[in-house]
1. Among all residue pairs at least 6 apart or on different chains, which show Cβ distances below 6 Å where the first residue, located in the stretch 182-197, is on the phi < 0 side of the Ramachandran plot and the second is modelled with pLDDT under 85 and of a type outside the set (A, V, I, L, M)?
2. Of all the residues that make up the stretch 74-125, how many are at positive phi and part of a strand (DSSP E or B)?
3. Return only the number of the condition from (1) of a type outside the set (S, T, N, Q); (2) closer than 15 Å to residue 129 by Cβ; (3) in contact (Cβ under 8 Å) with a residue 12 or more places away in the chain; (4) in contact with a Ser or Thr (Cβ under 9 Å, 6 or more places away or on another chain) that residue 175 does not satisfy.
4. In the stretch 143-164, what count of residues is obtained for those that are touching a Phe, Trp or Tyr at 6+ places or on another chain (Cβ under 6 Å) and exposed (fewer than 13 other Cβ atoms within 10 Å of the Cβ)?
5. Among the candidates 204, 167, 189, single out the residue that is closer than 28 Å to residue 33 by Cβ and in contact with a strand residue (DSSP E or B) (Cβ under 8 Å, 6 or more places away or on another chain).
6. Read through the list (1) at pLDDT below 95; (2) touching a Ser or Thr at 6+ places or on another chain (Cβ under 8 Å), then give the number of the only condition that residue 196 fails.
Amino acid sequence: EVLNWGTFDQRVWTLKLDGKNALLTGDNGAGKSTVVDAITTLLVPPTRVQYNKAAGADDSERSLRSYVLGYYKSERNETTGGGKAAQLRGLNSYSVLLGVFHNAELRQTVSLAQVFWVKEGVNTPNRFYACAARDLTIATDFGGFGLDLSALRKRLRASEVTIEESFTKYAHWFCRHFGIETGQPLELFNQAVSMKSVGNLTAFVRDRM
């Protein structure tokens, strides 16, 4: 689930796989890479995320800030002649990414979430991380609190949701619950999910696996 992420604005957008494979298709600009980048953000350290790599874009095309504020086009300033990004959201909003993972054999559910907001004068969005060993939803667990993020933190903690301020502690929590013993599987995931093309499959396996 995503809320206020890129051009997915003002409502919760949900993708359900239910343990099956899925093919995500659509025209350019439909939001395919936006969804992939949301999943990557949930699982990959912030210093390692490279947005829109799956679409072959350069490093400057998208950023965490552009996703949180909802940049959707560039507008020309008639006075200066320069360009400025048009955005769907301002500083009085917040964004949520939520992933729910279920192991049917062990009957275990893990929910991971990240909440973002932008402060005036600060370029990089702030965030906190949330983890729970149960099913969470954005509408039920991350809505209806206004804009007081401290109230949201307090409510989540009261419902036995673990709140972390750093990715390191958050990753330690979910790796322990997923049974991931080292960082290598997540690094391989990061390389594969953002892969545009493979020139030599043998070299890729040797280098990455």
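The values are calculated or read from the model by the stated rules, or taken from the named source; none is laboratory data. These numbers come from a predicted model, not from an experiment. Note that we place each Cβ from the backbone using ideal geometry, even for glycine, and neighbour counts take in every protein chain shown. Just the protein is used for accessible areas: all its heavy atoms, side chains included, with ligands, DNA and RNA removed. Shrake-Rupley method; radii C 1.70, N 1.55, O 1.52, S 1.80 Å.
1. 188/208; 191/208; 194/53; 196/56
2. Going residue by residue through the stretch 74-125, those that are at positive phi are 81, 107, 121.
Those still in the list that are part of a strand (DSSP E or B) too: none.
Selection size over the stretch 74-125: 0.
3. Against the list (1) of a type outside the set (S, T, N, Q); (2) closer than 15 Å to residue 129 by Cβ; (3) in contact (Cβ under 8 Å) with a residue 12 or more places away in the chain; (4) in contact with a Ser or Thr (Cβ under 9 Å, 6 or more places away or on another chain), residue 175 comes up short only on (3).
4. Count: 1.
5. Details: 204 fails: in contact with a strand residue (DSSP E or B) (Cβ under 8 Å, 6 or more places away or on another chain); 189 fails: in contact with a strand residue (DSSP E or B) (Cβ under 8 Å, 6 or more places away or on another chain).
Of 204, 167, 189, the one residue that is closer than 28 Å to residue 33 by Cβ and in contact with a strand residue (DSSP E or B) (Cβ under 8 Å, 6 or more places away or on another chain) is 167.
6. Just one mismatch for residue 196, condition (2).
Conditions tested, residue by residue: (1) without any contact (Cβ under 8 Å) to a residue 40 or more places away in the chain; (2) open to solvent by 30 Å² or more (accessible area, probe 1.4 Å).
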{"position": "69", "(1), (2)": "no, no"}
{"position": "72", "(1), (2)": "no, yes"}
{"position": "75", "(1), (2)": "yes, yes"}
{"position": "87", "(1), (2)": "yes, yes"}
{"position": "97", "(1), (2)": "no, no"}
{"position": "103", "(1), (2)": "yes, yes"}
{"position": "114", "(1), (2)": "no, no"}
{"position": "117", "(1), (2)": "no, yes"}
{"position": "120", "(1), (2)": "yes, yes"}
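To keep it simple, each residue is scored yes or no on (1) of a type in the set (Phe, Trp, Tyr); (2) open to solvent by 30 Å² or more (accessible area, probe 1.4 Å); (3) part of a loop (DSSP other than H, G, I, E, B).
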site	(1), (2), (3)
10	no, yes, no
16	no, yes, yes
20	no, yes, yes
23	no, yes, yes
26	no, yes, yes
33	no, no, no
36	no, yes, no
39	no, yes, no
47	no, yes, yes
